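Below is one structure; the comments refer to it alone.
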Amino acid sequence: MTMEKDGENYFSKLGKVGGKKSVEVRRNRGNIQSLARTILDTRFKPNQNLKKALKGIGIDTSDKISLLEGILSVFSGKALSGDIVAAKFVMDVAGYSLYAKERIAKIKLLERMATIEDDAPLEKEKPPMNLAEIDAEARKLGIYGD
């Protein structure tokens, strides 16, 4: 197989195609997230079964609710009936789980680190090793056999 096609490197062409596809996928992902948020924010009048379930856990059903509120309410009801996975889901969304608290703590730490000025003195850069030093270090490590 020849690597040259039409005077341009084959891998260069392949890289261009991959780059274009990557941009397209990234744009679509943003569109999909936007669509999902729009759908979750959509307000609707709950049906009788959902109204009954919502009333059972103390949610007012006289007004329209968002799809997200409905999902969380249903999962909260499942959690109350003993579904551990549903309980974990609701706690994660609310930020009460250990994982969520850990994530929030990491974000706060990174934000704080970004605003703190670094007073620690920087080490002076060592000059790069020459070939003889690299060879000697490699022999010490057993990379080269004698």
Practice task
Note down the relative contact order for the chain as a percent, whole number, built from C-alpha pairs under 8 angstrom at least six residues apart.
Solution key: 11
Practice task
For L35 and S97, calculate 0.36 nm times their separation in residues minus their Cα-Cα distance, and state this gained length in nm to one decimal.
Solution key: 19.6 nm
Completion exercise
Sorting I104, G56, A87 by the position of each Cα along the dipole of the stretch 22-146 (Lys, Arg +1; Asp, Glu -1; all at Cβ), the one nearest the positive end of that ordering is G56
Exercise for the section: Could you please state how large a percent of the accessible area of the chain is carbon and sulfur, counting protein chains only and using a 1.4 Å probe? Expected result: 60
Handout entry: Area projected by the alpha carbon convex hull of the stretch 56-105, averaged over all directions, nm²
Key = 4.0
Completion exercise
For the pair D63 and Q48, the simple spin-label estimate (label points 7 Å beyond Cα toward Cβ) gives in nm 2.6
Exercise for the section: Using the 2.2 N^0.38 Å rule of thumb for compact globular proteins, work out how the chain stacks up: its C-alpha Rg over that value, please. Expected result: 1.98
Handout entry: Unit charges on C-beta of K, R, D, E only; dipole of the chain, Debye
Key = 1240
Completion exercise
CD proxy, 222 nm, the chain: helix-only mean residue ellipticity via -39,500 (n - 2.57) per DSSP H run with n ≥ 4, per residue, nearest 500, stands at -21500 deg cm²/dmol
Practice task
Report the FRET efficiency, 1/(1 + (r/R0)^6), for L109 and K140, where r is their Cβ-Cβ distance and R0 is 41 Å, rounded to 0.05.
Solution key: 0.60
Exercise for the section: Excluding residues fewer than 8 places away in the same chain, name every one of the lysines whose C-alpha is closer than 25 Å to that of K16. Expected result: K5
Handout entry: the stretch 57-101, relative contact order in percent, only Cα pairs under 8 angstrom and at least six apart counted
Key = 24
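The values are calculated or read from the model by the stated rules, or taken from the named source; none is laboratory data. If you're wondering where the values come from, they're calculated on a predicted model, not measured in any experiment. Glycine also receives a Cβ, built like all others from the backbone with ideal geometry; neighbour counts cover every protein chain displayed. Areas reflect the complete protein model, heavy atoms only, side chains present, ligands, DNA and RNA absent. Shrake-Rupley method; radii C 1.70, N 1.55, O 1.52, S 1.80 Å.
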